[in-house]
Amino acid sequence: MADRPGHDRRYALTCYKIERELGWKPAISLDDGLRQTIEWYRSNTKWLTEVRRGDYRTYYQKYYENRDSSLHAITESGRKPTS
C-alpha cells in the first residue's frame with residue numbers, strides 16, 4: 001500500500017503526562033504486557049477458537065436478546081401492589 005499524506009510512520013507511547021499530573025505509573029512495562037498477552041492467547045487456544053467461531057454469541061442471545069422485556073418483568077414483579 002502506498003504511503004498517504006499525513007500517514008504516521010510510527011506511533012510512540014509515553015506515560016509522561018499521566019505520571020506527571022496524576023502520579024500514575026504502569027504496573028507492567030509495554031514489552032512485558034505484550035509478552036504476557038501473547039502467552040495468554042497461546043495458552044487459551046480453545047477460548048480463541050470458540051470466539052473465532054462465534055460461540056460467545058449464544059451467551060449474549062440467551063441473556064440479552066429479550067433484555068428490555070425481561071428487565072420490565074423483573075421490575076414489575078418486585079413492585080408492591082398499590083391500593
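Every number here is computed from the coordinates shown, using simple stated rules; none is lab data. Since the structure is predicted, the reported quantities are computational estimates derived from the model, not experimental observations.
Residues in region 28-39 carry Karplus couplings, in order, of 10, 5, 4, 4, 5, x, 5, 4, 5, 5, 4, 4 Hz; the curve used is 6.51 cos²θ - 1.76 cosθ + 1.60 with θ = phi - 60°, and Gly or Pro positions show x. Averaging 1/r across all pairs of distinct Cα atoms in region 26-68 and inverting the result yields a Kirkwood radius of 12.6 Å. Phi-derived couplings, Karplus 6.51 cos²θ - 1.76 cosθ + 1.60 at θ = phi - 60°, listed residue by residue for region 12-17: 10, 9, 9, 9, 3, 5 Hz, with x used for Gly and Pro.
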